[in-house]
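Asks: If you scroll down you'll find the structure; I have some questions about it.
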Amino acid sequence: MSGNAAVGEAAIRAGCACYFGYPITPQNELPEYMAAHLSIRKGCTFLQAESEIAAINMVLGASATGVRVMTSSSSPGISLKQEGISYLCGSELPAVIVNISRGGPGLGNIAAAQSDYYQSTRGGGHGDYRTIVLAPSSVQELADFTSRAFDLADKYYIPVIVLGDGMLGQMMEPVEFKKEAPETLPIRNRSLRGAKGRPSKIVKSFTINAPELEEMNWSLFRRYQLIEKEEVTWENFMTDDAKLVVVAFGIAARIAKGAIKNARAAGMKVGLFRPITLWPYPSAALQSVARKTHYFLDFELNMGQMIDDVRLAIGSKAEISFYGRPGGAVATPSEIQRVITRLYHQNGLVSKK
Amino acid sequence: MKVVYQRPKSLKKVAFHYCAGCGHSIVHRLICEVIDEMGIQEKTIGVPPAGCSVIAYNYFDVDMVESAHGRGMAVATGVKRALPEAIVFSYQGDGDLAAIGTAETVHAANRGEKITAFFINNAVYGMTGGQMAPTTLPKMVTTTSPYGRNESLDGYPIPISDMLALTKGAVYIERTAVNSPAHIIQTKKAIRKAFQTQIDGKGFAMVEILAPCPTNWKMDTLPSWKWVDEVLAKEYPLRLIKDTTGGKNAD
């Protein structure tokens, strides 16, 4: 199954009732999957909107009624959705947003890239807000994380971004779908269903009174702190005895893993630290790796965006090198292995304990 | 004693913040009267805009969800698709519906979205201080057309309702005003018809309402009400623009 289709199937199984999207490569198989499989389900909606902007605002309207809702796009389309994402955050509405990202800036190209890291993790829209960002590195994880994204969104009343890329979206791999949600999910609290037997409700972000808006921001911030405490995930791969640790996420981590296995076979003690939640970032876990390892290689398919978080976590406690390929160019495992080998020897790690 | 006039049940007991002579408060009241009369308060979900009526949810006693400027019909679409049994309306001004939200407006109409749109046309951006709107009249002075709207540079008043009527999905579109008792009565009839169109599942319905904005027109209230008839309605004639519902007219 393609990564894009796997996201669609996982979303349907997670009880996604509405999908709103707009065509853009390399994620088209996802709306096509939803058009074929979601639209025919009872009470479910697939709608091809007139724009990414309209799609994200339809997501907002549907989410306000308390159902599970998703949109997907690729980098330039995600830029258009930023207005709506900011409103979703301000209105405390859950939603799942899938970014099968591609090369930029501008129209860029349709190849795999990781240059939307800043946009995803820093909040690409206006205002003080965060979104949970999950970074899968296989088709299986695309499916699993889509499901998890719906749960997290509902738990924290927050939009969750699944940040894939063109390669993951197009890749074909076997997938196991773990769970199927009940046919009808319970409607969330706070949802708008009409003021029957209760006072009318308002879903909004607008708060003209500054102290009230300040309190609303504090309330969001406290929720973000809770998410930072509860929901951080990462993977340590062969880091226990590693003299050099590669830090990479998503498809880059997958490429790095291949390189690390080969480097291990060549006798080099190399490991991988893979952040799975890009926000909240697994800083503490990375710090504990840095207590034993003093050499890091940050590898990304961009010119160095996540490296800011790596530096914030490790500071000057270790040497941090960077290798990146921007613009939709994808490094091969042997290319990364060459970089690893060079760093390993330059720093005299063969003889270091 | 017979009660002949009272606050509609779905209009909250809150003083309006609108300027004297403004059309919003009248339209709010009319919508609430119709909601009461049709008995749909418990299943109505409204979508207020950005602008002077941004806090319309302080007045309408129905569930409401905010929309970003121009996105009202997209938000309303999301609500209606997720909850088809709800009666969904958007409430939007001219800049919102006919400039920044043109795409959302045209496509909601073209899809025949089963929502009801209330379009308040006062030919200016009110909340932001009276800037030129897409509906501003030729030569009309606003804060961003201080020498009058120059058609050769700024284009012409946009006939958005007539444009929407070209789409098959739009089945009922009427233009009314709230500057006289007769026009207010006609507006209420149109509001009812627009809701009924949604209830009958016929398609997209919209009422364009010419509303005075004395503050930004820099007029006293009475002259502003006259100006609606004598000037604004010349550009935007009050009429039934389209009705393919097969039902009876709002009259």
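Coordinate-derived values only; no laboratory data. Note that the structure is a prediction, hence the values are computed from the model and not measured. Ideal geometry is used to build each Cβ from the backbone, glycine not excepted, and the neighbour counts take in all protein chains shown.
Asks: I'd like to know how region A:235-346 sits against the 2.2 N^0.38 Å rule of thumb: what's its Cα Rg over that expected value?
Replies: The value comes to 0.95.
Asks: Treat region A:213-284 as a sphere of radius equal to its Kirkwood radius over Cα pairs and apply Stokes-Einstein at 20 °C in a medium of 1.002 mPa s; give the translational diffusion coefficient in µm²/s, rounded to a whole number.
Replies: 155
Asks: Then there is this: Considering just Cα atoms, how many Å³ per residue does the convex hull of chain A enclose?
Replies: Convex hull of Cα atoms, per residue: 136 Å³.
Asks: Ok, one more. Averaged over its residues, how many other protein chain Cβ atoms are within 10 Å of peptide B:56-63's Cβ atoms?
Replies: Average per residue, whole number: 4.
Asks: Here's a follow-up. What's the whole-number percent of alpha carbon pairs in region A:303-353 lying beyond 12 angstrom?
Replies: So the pairs more than 12 Å apart make up 72 percent of the total in region A:303-353.
Asks: Please order A:D144, A:D128, B:D96 by the number of other Cβ within 10 Å, starting at the fewest.
Replies: Ascending Cβ contact count within 10 Å gives the list A:D128, A:D144, B:D96.
Asks: If all Cα-Cα distances of region B:106-245 are sorted into 5 Å bins from 0 onward, what percent lands in each bin, rounded to whole numbers?
Replies: Reading upward from the zero bin: 2, 11, 19, 20, 18, 14, 10, 5, 1, 0.
Asks: Looking only at other chains, what is the average number of their beta-carbon atoms within 10 angstrom of each beta-carbon in B:38-49?
Replies: For this peptide, the per-residue mean of nearby foreign Cβ atoms is 3.
Asks: Of B:K9/B:K218; B:K9/B:K80; B:K188/B:K226; A:K229/A:K317; A:K179/B:K43; A:K229/B:K80, which ones are farther than 29 Å apart at the Cα?
Replies: Too far apart for the 29 Å limit: B:K9/B:K218; A:K179/B:K43; A:K229/B:K80.
Asks: Rounded, prolate or oblate: which fits region B:167-251 when a ≥ b ≥ c are the square roots of the eigenvalues of the alpha-carbon gyration tensor, with rounded for a/c under 1.5 and prolate only if a/b beats b/c?
Replies: Prolate shape, in that a/c is at least 1.5 and a/b is the bigger ratio.
Asks: Sticking with this one: If we count other beta carbons within 10 Å of each Cβ, what is the order of B:F195, A:F296, fewest first?
Replies: If I rank by nearby Cβ atoms, fewest first, I get B:F195, A:F296.
Asks: Please compute, for peptide A:75-85, the average count of beta-carbon atoms on other protein chains lying within 10 Å of each residue's beta-carbon.
Replies: The per-residue average across the peptide is 1.
Asks: Moving to a separate point now. What shape does region B:1-117 take by its C-alpha gyration tensor, where a ≥ b ≥ c are the square roots of the eigenvalues and a/c under 1.5 counts as rounded, a/b above b/c as prolate, and the rest as oblate?
Replies: Cα axes put region B:1-117 in the oblate bin.
Asks: If you don't mind, there's one more thing I want to ask. Starting from region A:157-234, pick out the trypsin sites (Lys or Arg not before Pro) whose DSSP state is loop and whose Cβ has at most 14 other Cβ atoms within 10 Å.
Replies: A:K178, A:K179, A:R190, A:K196
Asks: If you put +1 on each Lys and Arg Cβ and -1 on each Asp and Glu Cβ, how big is the dipole of region B:101-198 around its Cα centre, in Debye rounded to 20?
Replies: Taking the Cα centre of region B:101-198 as origin, the dipole is about 420 debye.
Asks: Quick one: plug the Kirkwood hydrodynamic radius of the protein assembly as shown (C-alpha pairs) into Stokes-Einstein at 37 °C, 0.692 mPa s, and report D in µm²/s.
Replies: 126
Asks: Quick check: the angle from helix A:210-230's long axis to the longest principal axis of chain A, C-alpha only, nearest 10 degrees?
Replies: Approximately 50 degrees, to the nearest 10.
Asks: May I pose another question? Charges at C-beta only: +1 for Lys and Arg, -1 for Asp and Glu. How large is the resulting dipole of chain A about its Cα centre, in Debye rounded to 20?
Replies: In debye, rounded to 20, chain A gives about 720.
Asks: What is the order of A:K243, B:K193, fewest Cβ neighbours within 10 Å to most?
Replies: Sorted ascending by nearby Cβ count, the order is A:K243, B:K193.
Asks: Only loop residues by DSSP count here, and only those with at most 15 other Cβ atoms within 10 Å; note down the GluC sites (Glu not before Pro) in region B:23-86 that meet that.
Replies: Counting only loop positions with at most 15 other Cβ atoms within 10 Å, the GluC sites (Glu not before Pro) in region B:23-86 are B:E85.
Asks: Please figure out what share of the DSSP beta bridges in chain A is antiparallel and state it in percent, rounded to the nearest 5.
Replies: The antiparallel fraction comes to roughly 20 percent.
Asks: Kirkwood Rh, region A:79-216, all Cα pairs: how many Å?
Replies: The Cα-based Kirkwood calculation yields 17.0 Å.
Asks: Against the longest principal axis of chain A, how steep is helix A:75-90, in degrees 0 to 90 to the nearest 10, with axes from Cα atoms?
Replies: 60
Asks: As a test of the definition: which semi-axes, in Å, follow for region A:243-282 when you take the square root of five times each eigenvalue of its alpha carbon gyration tensor? Largest first, please.
Replies: 21, 11, 4
Asks: Using amide H atoms built in the peptide plane, which far-off residues or other-chain residues are under 5 Å from A:L272 H to H?
Replies: A:F237, A:M238, A:T239, A:V246
Asks: Something else: Give me the one-decimal Kirkwood hydrodynamic radius in Å for region B:58-103, with the sum taken over alpha-carbon pairs.
Replies: So the Kirkwood estimate lands at 11.2 Å.
Asks: May I pose another question? If I histogram all Cα-Cα distances within chain B using bins 5 Å wide from 0, what percent of pairs lands in each bin?
Replies: 1, 7, 14, 19, 21, 17, 11, 5, 2, 1, 0, 0, 0
Asks: Work out the charge dipole of region A:3-230 with +1 on the Cβ of Lys and Arg and -1 on the Cβ of Asp and Glu about the Cα centre, then indicate which of A:L163, A:S138, A:G84 is farthest towards its positive end.
Replies: Ranked along the dipole, the leading option is A:G84.
Asks: Taking 8 Å as the Cα distance limit and 6 or more residues as the minimum spacing, I'd like the relative contact order of region A:1-90 as a percentage.
Replies: Here the relative contact order equals 34 percent.
Asks: Taking chain A as the reference, fit the longest principal axis to its C-alpha atoms, fit the long axis of helix A:3-13 to the helix C-alpha atoms, and give the angle between the two in degrees, 0 to 90, nearest 10.
Replies: 40
Asks: Now, a different point. Which whole number in µm²/s is D for region A:1-104 by Stokes-Einstein, with the Kirkwood Rh taken over Cα pairs at 25 °C and 0.890 mPa s?
Replies: For the chosen part, D equals 184 µm²/s.
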